[in-house]
Structures are given as structure tokens and as C-alpha cells.
């Protein structure tokens with residue numbers, strides 16, 4: 001009798017990002033979504049009070065960890081324990097400064113006037129918490145890393161910037177641009193992993209899962 005394939009290892013995405021969810025789904029992963037209640041400003045302020053100013057890459061990793069651990073705790077205290085939880089956070093580094101989502105259209109416009117014709121680095125922090133029971137193959141491990149991709153922006157004129165900002169898209173994404181949406185024509189080139197710019201580096205996630213003894217295909221249930 002032919003053996004049945006093992007059920008897929010379950011992944012929980014601790015993020016409200018539609019782009020991250022779509023990227024995982026396109027790679028064959030169907031995660032649950034459990035958005036964290038982390039106060040990002042408070043978490044960053046608390047960390048910098050102890051460690052001083054963090055680098056942009058470390059800011060992304062800190063916030064990714066905070067999200068993953070908050071969701072893992074919430075699920076552990078409920079009937080939804082026994083999963084892998086992935087937290088992600090993205091920031092754009094420009095002139096050594098950290099930029100997340102613009103607060104309003106004015107900030108988005110100012111950001112694009114600075115970015116046009118130049119390059120920035122998109123950092124995405126990834127943190128995975130393995131809350132699976134060891135009897136079920138879990139490790140109870142927790143680890144993370146940051147992927148960084150250099151983004152080269154096109155030379156937009158003021159009319160193009162105004163038209164893009166008017167779509168509302170830049171207000172909902174880190175760095176005020178997308179690679180997989182309306183902002184794609186305004187990105188000339190990238191150096192590094194394109195999925196990282198969308199919000200989750202699939203190659204890095206595969207490596208983190210391997211460190212927790214989870215093969216990528218286990219998430220697909222092959």
C-alpha cells in the first residue's frame with residue numbers, strides 16, 4: 001500500500017502584510033496569519049535605552065523578533081500552540097537613517113524626492129520561534145537574521161512622484177515603494193534577493209528553518 005505523505009509543518013505569519021502572505025503562497029506555503037499587538041515605537045525605544053542607537057539592520061531584526069515572540073506567547077497560552085511562528089519587519093536605510101512606512105502623503109513625497117535617482121538598502125528582519133513539542137519533532141528553538149538588498153531608484157520628476165503618492169500605496173509599505181506593485185516601474189535595479197524587497201527573503205527563511213531541522217518542503221507537505 002502506498003504511504004500517505006506527511007502533513008505539512010504548520011507556519012504562522014506574525015504580520016499583516018499582504019505582500020508577505022502572497023510571497024509565501026506563491027512558494028507553496030499556506031500560513032495562518034496572526035498579527036501581533038507589538039508597539040513598535042515602544043519596543044525600539046526600550047532596546048535603544050539599553051543598547052544605544054541600533055543599526056538599521058538591527059532595528060528590522062529587533063522588531064521581527066518582538067512580533068514573532070509576542071504571537072508565539074499568545075498562541076502558546078491558547079489552543080493554537082505547537083507551530084512555527086515567523087515574524088518579519090522591513091526598513092529602508094537611506095543616508096544611514098531608518099525609514100519605515102511614511103506617516104502621511106507629505107512624508108511620502110519628501111521621501112521620494114530624496115530617493116529618486118539614488119540607492120538605498122532595504123533590510124528585512126526575520127525571526128522564527130519553534131513552539132512545537134519535542135515529541136512532535138520540535139526544537140523549542142528561536143533564531144533570526146536580517147537580509148539586506150540594495151535598491152536603485154529611478155529619476156522621477158515631481159509629477160510622477162505626486163501621481164504615485166496619490167495612489168496611496170507608498171503609505172502602506174516600508175520605504176514608501178514596492179517591487180511587486182505600482183512602485184515597480186520606479187525601481188531601476190536591485191542587488192540581492194528580490195523576495196527580500198517584497199518583505200520576506202525566501203532563501204534566508206529556508207536557511208533559518210533548516211537550523212531548526214525543518215526542510216522547506218516540509219512546509220509544503222510534499
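The values are calculated or read from the model by the stated rules, or taken from the named source; none is laboratory data. Computed from a prediction, not measured in an experiment: that's the story for all the values here. Every residue, glycine among them, receives a Cβ derived from its backbone with ideal geometry; neighbour counts consider all protein chains shown.
A few remarks follow.
- All of (1) over 20 Å from residue 65 (Cα atoms); (2) surrounded by 22 or more Cβ atoms within 10 Å (Cβ to Cβ) hold for residue 173 with one exception: (1).
- Test: residue in the range 136-152 that is over 30 Å from residue 105 (Cα atoms) and out of contact with any strand residue (DSSP E or B) (no Cβ under 8 Å at 6 or more places or on another chain): yes
- Complete set of residues in the range 20-59 that are within 22 Å of residue 94 (Cα to Cα) and either assigned to a loop (DSSP other than H, G, I, E, B) or within 15 Å of the chain's Cα centre (by Cα) (or both): 40, 52, 53, 54, 55, 56, 57, 58, 59
- Residue match in the range 97-109 (condition: over 25 Å from residue 189 (Cα atoms) and in a loop (DSSP other than H, G, I, E, B)): yes
- Test: residue 129 is in a strand (DSSP E or B), touching a strand residue (DSSP E or B) at 6+ places or on another chain (Cβ under 6 Å), farther than 26 Å from residue 96 by Cα and at pLDDT 95 or above: yes
- Flag if residue 62 is under 20 Å from the mean Cα position of the chain (by Cα), surrounded by 14 or more Cβ atoms within 10 Å (Cβ to Cβ), modelled with pLDDT of 95 or more and not in a helix (DSSP H, G or I): no
- Here residue 156 does not qualify as free of Cβ contacts under 8 Å to residues at least 24 places away in the same chain and part of a loop (DSSP other than H, G, I, E, B).
- Positions within the range 115-130 being surrounded by 16 or more Cβ atoms within 10 Å (Cβ to Cβ) and farther than 22 Å from residue 62 by Cβ, in sequence order: 115, 116
- Residue 139 being in contact (Cβ under 8 Å) with a residue 40 or more places away in the chain, within 25 Å of residue 28 (Cβ to Cβ) and surrounded by fewer than 16 Cβ atoms within 10 Å (Cβ to Cβ): yes
- Residue identified as crowded, with 21+ Cβ neighbours inside 10 Å and part of a helix (DSSP H, G or I) among 197, 214: 197
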